[in-house]
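**Student:** Can you read through this structure? Questions will come right after.
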Amino acid sequence: MSARLRVVMVIQAYAPLVGGAERQLGEVAPLLQAKGIDVQILTRRRDDLPDYEIIDGIPVHRLPARPPKPLAAAQFILSGMNKIRVLRPDVIHAFDMLSPTTIAVLSKMAFHIPAVTKVLLSGPNHGEMAYFNRTALGRQRLKVIRSEIDAFVTISAEIDAELHTAGIPKKARVYIPNGVDTQRFKPLDCAGEKQKLRHELGLPDGRLVLFVGRLEEQKRVDQLLAIWPTLYATHPDAHLLVIGSGSEEEPLKQLAGNGIHFLGVKEDVTAYLQAVDVFVLPSAAEGLSNALLEALSSGLAAVATDVGGNSEVVLDGRTGLLVPPDDPEALLAALVRLLEDPQACRQLGARAREHILTNYSLATTVNCLADLYFSLAQQYRHNGKGPL
């Protein structure tokens, strides 16, 4: 092992592409670097982006992955293994159980490098465990992953329970929830500042509800748009702001009526979280939403569906409101309740921020990851199984 620990992170997409996992890694990587860990990121190549660049001090290697899908996966896996052979890291950390974990498993087998995987999504329909359990080939892949991965990073109780059911022992499951920069994501001091910020951002007056996330089917933004005309009919000063992009963007725009504003992708959503009144997350599946953590840290009252790790951060009636997934009527009732009670919004938002400060500090996340990496690398060195 080198004097400076080297960790290769493998993720499907990375900055400037925006998503929860990408944003979390973008926050964590520079802080790990500051703790003496040499972080290198491997991701899929995009035609409009360079093959290699340094982002916030972190080397990013973009590897071939051209369609069709099976060929793209094979290219990414083979080129990922080759890059790991060259970089000779002390630990590999994969983000999701698909191609990134395949790279980690095969590289461990070929080069004797300890491997970590972070499970990003849970649930019976969209979760990673559900994906593997659908087919015999998937179950065989899961068997290999279970035997080769040294540590599974879990970010919610639901993910931990799914791994337990899949036969992954407790000693291999490490709970490290996503963290948020609470100094960056914080509420403004007074209402006057919020109103000024709204004008600077070009936002409408009135009660503002915000969604931030990928515009994909599992996020259920279509259900949010479907209930908005009913809400708008009785609350014409209410506006829904939608930040993000994805495969559903154009169809969703076709559904948008009065009071709905698509703002596109925003590299920094801090100001928007500070400027609005309510945050909404109507997903059918989640792991632990970074957008939700950032909203609560910003002192916002939130309405979220009871999926994934949402119930661990949105304590129903205390730090926000939980509703069942795929229940538009419950979603509508919760939003109306908050829009009609600004004092309740403020109280929920204040308690939400305290909950984040206590339990979801970014510094804690970074320290736990660093401890895991050093422990695994030391264990392999002690057992004489270091990188070949």
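**Student:** Let me spell it out: the conditions are (1) more than 22 Å from Pro328 (Cα to Cα); (2) surrounded by 15 or more Cβ atoms within 10 Å (Cβ to Cβ), and Glu267 meets all of them except one. Which number is the exception?
**Tutor:** Evaluating Glu267 over (1) more than 22 Å from Pro328 (Cα to Cα); (2) surrounded by 15 or more Cβ atoms within 10 Å (Cβ to Cβ) leaves (2) as the failure.
**Student:** From the residues in the stretch 193-249 that are among the polar types (S, T, N, Q) and within 20 Å of the chain's Cα centre (by Cα), which one is farthest from Val280 (Cα to Cα)? Explain how you work it out, then say what you get.
**Tutor:** The first filter runs over the stretch 193-249 and keeps only residues among the polar types (S, T, N, Q), leaving 195, 218, 223, 230, 234, 245, 247.
When the remaining residues are screened for being within 20 Å of the chain's Cα centre (by Cα), the result is 218, 245, 247.
Working: Gln218: 14, Ser245: 16, Ser247: 20 Å.
My answer is Ser247.
**Student:** Just need a number here: residues in the stretch 355-370 that are within 18 Å of the chain's Cα centre (by Cα) and in a helix (DSSP H, G or I). Even if it seems obvious, please write down each step before you answer.
**Tutor:** To start, the set of residues in the stretch 355-370 that are within 18 Å of the chain's Cα centre (by Cα) comprises 356, 359-366, 368-369.
Among the residues that remain, those that are also in a helix (DSSP H, G or I) are: 356, 359, 362-366, 368-369.
Total satisfying the criteria: 9.
**Student:** Could you tell me which residue of the stretch 144-168 is surrounded by the most Cβ atoms within 10 Å (Cβ to Cβ), considering only residues that are among the β-branched types (Val, Ile, Thr), closer than 13 Å to Met97 by Cα and touching a residue at least 60 places away in the same chain (Cβ under 8 Å)?
**Tutor:** If we filter the stretch 144-168 for residues that are among the β-branched types (Val, Ile, Thr), which is where we start, we get 144-145, 149, 153-155, 159, 165, 168.
Subsequent filtering for residues that are closer than 13 Å to Met97 by Cα retains 144-145, 149, 153-154, 159.
Adding the requirement that they be touching a residue at least 60 places away in the same chain (Cβ under 8 Å) leaves 153, 159.
Details: Val153: 22, Ile159: 27.
Checked the stretch 144-168; the qualifying residue surrounded by the most Cβ atoms within 10 Å (Cβ to Cβ) is Ile159.
**Student:** Let me ask something else about it. Being touching a Leu at 6+ places or on another chain (Cβ under 6 Å) and either of a type in the set (A, V, I, L, M) or not in a helix (DSSP H, G or I) (or both) is the filter; apply it to the stretch 82-128 and report the residue that is nearest to Gly20 (Cα to Cα).
**Tutor:** Taking the candidates together, the pick is Asp96.
**Student:** Out of Ala29, Ala15, Ala21, I need the residue that is surrounded by 17 or more Cβ atoms within 10 Å (Cβ to Cβ) and assigned to a loop (DSSP other than H, G, I, E, B). Which one? Full working, then the answer.
**Tutor:** Numbers: Ala29 fails: assigned to a loop (DSSP other than H, G, I, E, B); Ala21 fails: assigned to a loop (DSSP other than H, G, I, E, B).
None of the other options fit; the residue is Ala15.
**Student:** Give the residue, chosen from His112, His61, His93, that is farther than 25 Å from Ile159 by Cα and either in contact with a strand residue (DSSP E or B) (Cβ under 7 Å, 6 or more places away or on another chain) or among the basic types (Lys, Arg) (or both). Show your work before the answer.
**Tutor:** Numbers: His112 fails: either in contact with a strand residue (DSSP E or B) (Cβ under 7 Å, 6 or more places away or on another chain) or among the basic types (Lys, Arg) (or both); His93 fails: farther than 25 Å from Ile159 by Cα.
Criteria check complete, one pass: His61.
**Student:** Looking at this structure, is Ser375 within 30 Å of Ile149 (Cβ to Cβ), assigned by TED's automatic domain parsing to the domain that holds Arg88, among the hydroxyl-bearing types (Ser, Thr, Tyr) and part of a helix (DSSP H, G or I)? Before the answer, list the steps.
**Tutor:** Details: within 30 Å of Ile149 (Cβ to Cβ): yes; assigned by TED's automatic domain parsing to the domain that holds Arg88: yes; among the hydroxyl-bearing types (Ser, Thr, Tyr): yes; part of a helix (DSSP H, G or I): yes.
Yes: the conditions hold for Ser375.
**Student:** Among Arg141, Arg207, Arg198, which is of a type in the set (Lys, Arg) and either assigned by TED's automatic domain parsing to the domain that holds Met9 or surrounded by fewer than 16 Cβ atoms within 10 Å (Cβ to Cβ) (or both)?
**Tutor:** Arg141
**Student:** Within the bounds of the stretch 217-227, is there any residue that is out of contact with any Phe, Trp or Tyr (no Cβ under 7 Å at 6 or more places or on another chain) and within 23 Å of Arg346 (Cβ to Cβ)?
**Tutor:** Going residue by residue through the stretch 217-227, those that are out of contact with any Phe, Trp or Tyr (no Cβ under 7 Å at 6 or more places or on another chain) are 217-220, 222-223, 225-227.
Of the ones still in play, those that are also within 23 Å of Arg346 (Cβ to Cβ) are none.
No: the stretch 217-227 contains no residue that is out of contact with any Phe, Trp or Tyr (no Cβ under 7 Å at 6 or more places or on another chain) and within 23 Å of Arg346 (Cβ to Cβ).
**Student:** Tell me the residue from Gly246, Gly257 that is assigned to a loop (DSSP other than H, G, I, E, B), under 22 Å from Leu293 (Cβ atoms) and modelled with pLDDT under 95, please. Explain how you work it out, then say what you get.
**Tutor:** Numbers: Gly257 fails: under 22 Å from Leu293 (Cβ atoms).
Of Gly246, Gly257, the one residue that is assigned to a loop (DSSP other than H, G, I, E, B), under 22 Å from Leu293 (Cβ atoms) and modelled with pLDDT under 95 is Gly246.
**Student:** If I ask for residues that are more than 21 Å from Ser289 (Cα to Cα) and surrounded by fewer than 21 Cβ atoms within 10 Å (Cβ to Cβ), which ones from the stretch 345-375 would you list? Break it down into steps so the answer makes sense when it comes.
**Tutor:** Kept after step one, since they are more than 21 Å from Ser289 (Cα to Cα), are these residues of the stretch 345-375: 346-347, 370-375.
Those that are more than 21 Å from Ser289 (Cα to Cα) and surrounded by fewer than 21 Cβ atoms within 10 Å (Cβ to Cβ): Arg346, Gln347, Ala370, Asp371, Leu372, Phe374, Ser375.
**Student:** Moving on. Of everything in the stretch 57-92, what is modelled with pLDDT of 95 or more, among the charged types (D, E, K, R) and under 24 Å from the mean Cα position of the chain (by Cα)? Give them in sequence order.
**Tutor:** Correct list: Arg62 only.
**Student:** I'd like to verify a number: residues in the stretch 302-344 that are surrounded by fewer than 19 Cβ atoms within 10 Å (Cβ to Cβ), of a type outside the set (A, V, I, L, M) and in a helix (DSSP H, G or I), how many?
**Tutor:** 7
Yes/no matrix, rows are residues, columns are (1) of a type outside the set (A, V, I, L, M); (2) over 21 Å from Gly127 (Cα atoms); (3) touching a residue at least 60 places away in the same chain (Cβ under 8 Å); (4) out of contact with any strand residue (DSSP E or B) (no Cβ under 8 Å at 6 or more places or on another chain):
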| site | (1), (2), (3), (4) |
| --- | --- |
| Leu201 | no, yes, yes, yes |
| Glu216 | yes, no, no, yes |
| Ala256 | no, yes, no, no |
| Tyr272 | yes, yes, yes, no |
| Asn290 | yes, no, yes, no |
| Ala295 | no, yes, yes, no |
| Gly299 | yes, yes, yes, yes |
| Ala302 | no, yes, no, no |
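**Student:** Okay, moving on. How many residues, within the stretch 70-89, are within 11 Å of Ser107 (Cα to Cα) and touching a residue at least 24 places away in the same chain (Cβ under 8 Å)?
**Tutor:** Looking only at that region, the number is 8.
**Student:** Sort through Pro59, Pro67 and tell me the only one that's farther than 14 Å from Val8 by Cα and either surrounded by fewer than 17 Cβ atoms within 10 Å (Cβ to Cβ) or free of Cβ contacts under 8 Å to residues at least 40 places away in the same chain (or both). Break it down into steps so the answer makes sense when it comes.
**Tutor:** Working: Pro59 fails: farther than 14 Å from Val8 by Cα.
Result: Pro67 is the single residue among Pro59, Pro67 that is farther than 14 Å from Val8 by Cα and either surrounded by fewer than 17 Cβ atoms within 10 Å (Cβ to Cβ) or free of Cβ contacts under 8 Å to residues at least 40 places away in the same chain (or both).
The values are calculated or read from the model by the stated rules, or taken from the named source; none is laboratory data. Quantities reported herein were computed from a predicted structural model and do not represent experimental measurements. All Cβ positions, even for glycine, are placed from backbone atoms using ideal geometry, and neighbour counts span all protein chains on display.
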